[in-house]
Each structure stands twice: as structure tokens, then as C-alpha cells.
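Chemist: Below is a structure I'd like to ask you about.
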Amino acid sequence: MSDIGIAFAIEKGFLKLLFFCIAVMLPIVYWMSLTSSFSGKYPFLKVYNGDPYLGSTLIIWELVYFLQFFGLEFFFRGFLVHSLKPSLGFYSILVMTVPYCMIHFQKPMPEAFAAIFAGIFLGWISYKNGTIWLGLVLHCTVAFSMDILALYAKGLLF
């Protein structure tokens, strides 16, 4: 499984990079959560004011959302990058980035454009580190934060 990015090993320095990326991304996610394009799109989970089961529903939703992100990271950063790596080398990241960006076409425009850079960056992390786990943690942190901030901005949390 390690040949397709499922290894649990983390190369030296990549954990620091992960925490740095989270520290950079969280303020950006907060700022974007205040925009109309993002507040109109997120969260995908539809909740209603006064929902007595919001806490448990949100936890179940985020667990299922995590499984979706695992599949996404495995396919794009694991399978595509690492199966193309022997024949294409670094270009496997660029090949993977094209369909990855295409699945973001229906998202808000800033997110669709950011998917180009995120695809390349997360692909590079997987390519260099040999695992999808760091990218998965970063991707989920951004997505889960957007959900929480969108719910908060709509007055549905706290």
C-alpha cells in the first residue's frame, strides 16, 4: 500500500510544514467564510435553526465527509500521483491536478482557482513524502473549518 501513498511514515520536516499550512489556511478560511459566495454554498449539510440534534448530526456528517475526503485524496494524491510517478515523475502531479480542478468547477470561483494551487501543493506533499495522510489532514481541516464557520456565521452554532 505504501507504493500508492497509504504509508504512515512522515518524512522529517513535513509535520512542521503541515502545522504551518494550517496556521496560514485558517485565517483565510475564516475570511472566505464571511463572503456571500461561500456562505451561499457551505455547509453542504443543511441544518435548521433550533435543530435539537445538530451536534450529533454534525459529527456524523463530518465523519462521512472525512470518508469522502479520504477517497478523494487516495484517488488523486495516492493512486494518480504514485501510479504515474515511475513514468512521468514530477509531471504526475500536473496530470493529477487537471481532473482535481475540474471537480471544483461548481464551487465558488476563489475555491476553484485555489484548487489549482492546492492540487499541485498537496500532490507535491504526497509525491515527496510518499503518503496522502498529511494532505488529508490539511484538506479536512480546511473543509471542516469552513463548515463550522459557515454554521456560526448563519447563527446556527453557539
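Chemist: Just need a number here: residues in the range 33-87 that are hydroxyl-bearing (Ser, Thr, Tyr) and surrounded by fewer than 13 Cβ atoms within 10 Å (Cβ to Cβ). I'd like the intermediate steps shown before the answer.
Modeler: The initial filter retains those residues of the range 33-87 that are hydroxyl-bearing (Ser, Thr, Tyr), namely 33, 35-37, 39, 42, 48, 53, 56-57, 65, 83, 87.
Of the ones still in play, those that are also surrounded by fewer than 13 Cβ atoms within 10 Å (Cβ to Cβ) are 36, 48, 53, 56, 87.
Total satisfying the criteria: 5.
Chemist: Still on this structure: Filter the range 88-112 down to residues that are exposed (fewer than 14 other Cβ atoms within 10 Å of the Cβ) and β-branched (Val, Ile, Thr) and give me whichever is farthest from Phe70 (Cα to Cα).
Modeler: Val98
Chemist: For the range 129-145, how many residues are within 15 Å of Gly71 (Cα to Cα), of a type in the set (Val, Ile, Thr) and surrounded by fewer than 23 Cβ atoms within 10 Å (Cβ to Cβ)?
Modeler: As a first pass, look at the range 129-145 and keep what is within 15 Å of Gly71 (Cα to Cα): 131-140, 143.
Add one more test, that the residue is of a type in the set (Val, Ile, Thr), and what stays is 131-132, 137.
Now narrow it down to the ones that are surrounded by fewer than 23 Cβ atoms within 10 Å (Cβ to Cβ): 137.
Within the range 129-145, residues that are within 15 Å of Gly71 (Cα to Cα), of a type in the set (Val, Ile, Thr) and surrounded by fewer than 23 Cβ atoms within 10 Å (Cβ to Cβ) number 1.
Chemist: For the subset of the range 9-24 comprising residues that are outside any loop (DSSP other than H, G, I, E, B) and either in contact with a helix residue (DSSP H, G or I) (Cβ under 6 Å, 6 or more places away or on another chain) or basic (Lys, Arg) (or both), which member is nearest to Tyr152 (Cα to Cα)?
Modeler: Of the residues in the range 9-24, the ones outside any loop (DSSP other than H, G, I, E, B) are 14-24.
Among the residues that remain, those that are also either in contact with a helix residue (DSSP H, G or I) (Cβ under 6 Å, 6 or more places away or on another chain) or basic (Lys, Arg) (or both) are: 14, 16, 18, 21-22.
Details: Phe14: 31, Lys16: 29, Leu18: 25, Cys21: 23, Ile22: 20 Å.
Going through the qualifying residues, I end up with Ile22.
Chemist: Taking the range 25-59 only, how many residues are closer than 30 Å to Ile6 by Cα, under 18 Å from the mean Cα position of the chain (by Cα) and either among the aromatic types (Phe, Trp, Tyr) or part of a helix (DSSP H, G or I) (or both)?
Modeler: Within the range 25-59, the subset closer than 30 Å to Ile6 by Cα is 25-29, 42-45, 56-59.
Now narrow it down to the ones that are under 18 Å from the mean Cα position of the chain (by Cα): 25-29, 42-45, 58-59.
After this cut, where a residue has to be either among the aromatic types (Phe, Trp, Tyr) or part of a helix (DSSP H, G or I) (or both) as well, the list is 25-29, 42, 44, 58-59.
Number of matching residues: 9.
Here's the yes/no breakdown for (1) modelled with pLDDT of 90 or more; (2) out of contact with any Cys (no Cβ under 9 Å at 6 or more places or on another chain):
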site	(1), (2)
Ala112	yes, no
Trp124	yes, yes
Phe144	yes, yes
Tyr152	no, yes
Phe158	no, yes
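Chemist: Quick one: in the range 113-128, of everything that is touching an Asp or Glu at 6+ places or on another chain (Cβ under 9 Å) and crowded, with 23+ Cβ neighbours inside 10 Å, which residue is nearest to Ile6 (Cα to Cα)?
Modeler: Top of the filtered list is Ser126.
Chemist: What's the number of the condition Ala112 fails, among (1) among the aliphatic types (A, V, I, L, M); (2) in contact (Cβ under 8 Å) with a residue 24 or more places away in the chain; (3) in a helix (DSSP H, G or I)?
Modeler: (2)
Chemist: Can you name the condition, by its number, that Lys16 falls short on among (1) in contact (Cβ under 8 Å) with a residue 24 or more places away in the chain; (2) more than 20 Å from Ile148 (Cβ to Cβ); (3) loosely packed, with under 11 Cβ neighbours inside 10 Å; (4) of a type outside the set (Gly, Ala, Ser)?
Modeler: Every listed condition holds for Lys16 apart from (1).
Chemist: Filter the range 113-131 down to residues that are under 11 Å from the mean Cα position of the chain (by Cα), of a type in the set (A, V, I, L, M, F, W, C) and under 18 Å from Leu84 (Cβ atoms), then give me how many there are.
Modeler: Within the range 113-131, residues that are under 11 Å from the mean Cα position of the chain (by Cα), of a type in the set (A, V, I, L, M, F, W, C) and under 18 Å from Leu84 (Cβ atoms) number 1.
Chemist: Checking the conditions here, which among Glu62, Glu73 is at pLDDT 90 or above, more than 19 Å from Phe121 (Cα to Cα) and assigned to a helix (DSSP H, G or I)?
Modeler: Values: Glu73 fails: more than 19 Å from Phe121 (Cα to Cα).
When all the criteria are applied, what remains is Glu62.
The values are calculated or read from the model by the stated rules, or taken from the named source; none is laboratory data. If you're wondering where the values come from, they're calculated on a predicted model, not measured in any experiment. Reconstructed Cβ throughout: ideal geometry from the backbone, glycine too, with neighbour counts over all protein chains shown.
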